[in-house]
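The values are calculated or read from the model by the stated rules, or taken from the named source; none is laboratory data. What you see is a predicted model, and the numbers here were worked out from it, not measured in a lab. Cβ atoms come from the backbone with ideal geometry, glycine included; neighbour counts cover every protein chain shown.
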């Protein structure tokens, strides 16, 4: 797949920041939004917590795997890497992440598989699986 995702935007266009802010993933755009419109971020927080927080039935690890499949389908390797890191922090293994990507590749096709495997390779390169 080309460096551009399905939406025509660069798969690397969403820069990551190390500073804590509006996102547990370090997305720079949420830090920017928090500065520019704190009321919006405050209103969005409960929805975000429902999306990636501890759930009633689904663990954070399993929610992250759902998010990973969607981001892989959309060609967002940077997002897949960030969410894989959080899934690992919540107990996901390399094999579980691979199986999640393989499952997403059934409806999502080759580009989904490629994005997910490349993200896994990045985690492996950076020592995420010890």
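What do you reckon, is residue 53 within 26 Å of residue 30 (Cα to Cα) and surrounded by fewer than 17 Cβ atoms within 10 Å (Cβ to Cβ)?
Answer is yes for this residue.
Taking only the range 40-78 into account, find how many residues are more than 13 Å from residue 100 (Cβ to Cβ), assigned to a helix (DSSP H, G or I) and at pLDDT below 95.
15
Sort out which residues of the range 79-127 are closer than 22 Å to residue 58 by Cβ and assigned to a loop (DSSP other than H, G, I, E, B), and write them in order of number.
Matches in the range 79-127: 90, 91, 92, 93.
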